[in-house]
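Participant: My questions will all concern the structure given below.
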Amino acid sequence: MYGNFKYQQLRNVGISQDKALQMAAFIRISSFEEGQVIWSKGSKIDSWKFIISGLVAASIESTSGMLMPISIYGEGSWFGEQSIINKKTSYADFVCLASTDVMSISSDIVLELMETQPTFALYLTRLMAWRVQKTSEMLMLMKFGNPCLRVVMGLSQFAEALFYHSDRPPTIGFGQGVEIPVKQKLLSDLCGVSRTIFSEFVQKLAVAGWLKISYGKLEILSLPNWHQFSQKQRERKLNEMNPSFEEILKELQGEPA
């Protein structure tokens, strides 16, 4: 049942038709339960994985045993390429946030494809460049942004990651909404704010009509506006890192802050 699916995913990442047909038989399908660790920090990453269904977080553990997520990968996302290309051990724990099915390409095959499939190498290069940019943006927010900006920009980035499968910049049009199926505690950790502060701004955004809140998930509404907001932050020569909530609302509405 996965034969054609495997082939199509290989074609989607730039692998030639003949090579994709040849490789499909060597791709493994695996299932993980919620809370199961796919790779532990410091372990060898032996394959590049694609999420068929489910949700995975790259996280590190604090001295108190708390999970501190770095990034989230949703359905349709590949992950693990950084450690394969750098030939380093995993920089984080990759933990399933829900029951997750993945397909895997061995790291040896990925490295071979980098040398023999130029279109695949270009795809992987763009993927890594985009993810480095996303990480840099989050680090900048964590260091300089006020809590309000962290929450709004963080939500915008998560929506982009889930809508675009964490694998490309937002160069195509958004739909009207996307669900972030993650509990608020985890999202607040990703935004670098307390659960209380995160909830405060999320409630305000819900009242203003920019998202819906339900148990265990948030739904981001009016995605084109969120896209324009985050794009404006990237393009602005001088960034305002201490905006008020009212100023951010104006920008979401497309008005000058």
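The values are calculated or read from the model by the stated rules, or taken from the named source; none is laboratory data. The structure displayed is predicted, hence computed values, not measured ones. Cβ coordinates were reconstructed from backbone atoms using ideal geometry, including for glycine residues, and neighbour counts include every protein chain displayed. Surface areas here come from the heavy atoms of the whole protein model, side chains and all, with no ligands, DNA or RNA. Shrake-Rupley method; radii C 1.70, N 1.55, O 1.52, S 1.80 Å.
Participant: Given Met142, Met114, Met128, which one is closer than 26 Å to Leu211 by Cα and either open to solvent by 30 Å² or more (accessible area, probe 1.4 Å) or not in a helix (DSSP H, G or I) (or both)? First the steps, then the outcome.
Facilitator: Values: Met114 fails: closer than 26 Å to Leu211 by Cα; Met128 fails: closer than 26 Å to Leu211 by Cα.
Result of the check over Met142, Met114, Met128: Met142.
Participant: Still on this structure: Looking at (1) farther than 20 Å from Pro69 by Cβ; (2) modelled with pLDDT of 90 or more, which is the only condition Phe229 fails?
Facilitator: Only one criterion is unmet by Phe229, namely (2).
Participant: Out of all the residues in region 190-207, which are open to solvent by 50 Å² or more (accessible area, probe 1.4 Å) and either among the acidic types (Asp, Glu) or touching a residue at least 12 places away in the same chain (Cβ under 8 Å) (or both)?
Facilitator: Within region 190-207, the first condition is being open to solvent by 50 Å² or more (accessible area, probe 1.4 Å), and the residues that meet it are 194-197, 200, 203-204, 207.
Once the filter is applied, which keeps residues that are open to solvent by 50 Å² or more (accessible area, probe 1.4 Å) and either among the acidic types (Asp, Glu) or touching a residue at least 12 places away in the same chain (Cβ under 8 Å) (or both), region 190-207 yields Ile197, Glu200, Lys204.
Participant: Being surrounded by 13 or more Cβ atoms within 10 Å (Cβ to Cβ), under 23 Å from the mean Cα position of the chain (by Cα) and either of a type in the set (Val, Ile, Thr) or modelled with pLDDT of 85 or more (or both) is true for just one of Lys217, Lys212, Lys250. Which residue is that? Before the answer, list the steps.
Facilitator: Values: Lys217 fails: either of a type in the set (Val, Ile, Thr) or modelled with pLDDT of 85 or more (or both); Lys250 fails: under 23 Å from the mean Cα position of the chain (by Cα).
Only one candidate qualifies: Lys212.
Participant: If I ask for residues that are more than 20 Å from the chain's Cα centre (by Cα) and open to solvent by less than 30 Å² (accessible area, probe 1.4 Å), which ones from region 146-156 would you list?
Facilitator: Narrowing region 146-156 to residues more than 20 Å from the chain's Cα centre (by Cα): 146-148.
Of everything in region 146-156, those that are more than 20 Å from the chain's Cα centre (by Cα) and open to solvent by less than 30 Å² (accessible area, probe 1.4 Å) turn out to be Asn146, Cys148.
Participant: Something else: Of all residues in region 89-108, which are in contact (Cβ under 8 Å) with a residue 12 or more places away in the chain and of a type in the set (Asp, Glu)?
Facilitator: Quick first cut of region 89-108, residues in contact (Cβ under 8 Å) with a residue 12 or more places away in the chain only: 89-107.
Within region 89-108, Asp93, Asp101 meet the criteria.
Participant: Filter region 73-99 down to the residues that are more than 12 Å from Arg131 (Cβ to Cβ) and assigned to a strand (DSSP E or B) and list them by number.
Facilitator: Hits for region 73-99 are Asp93, Phe94, Val95, Cys96.
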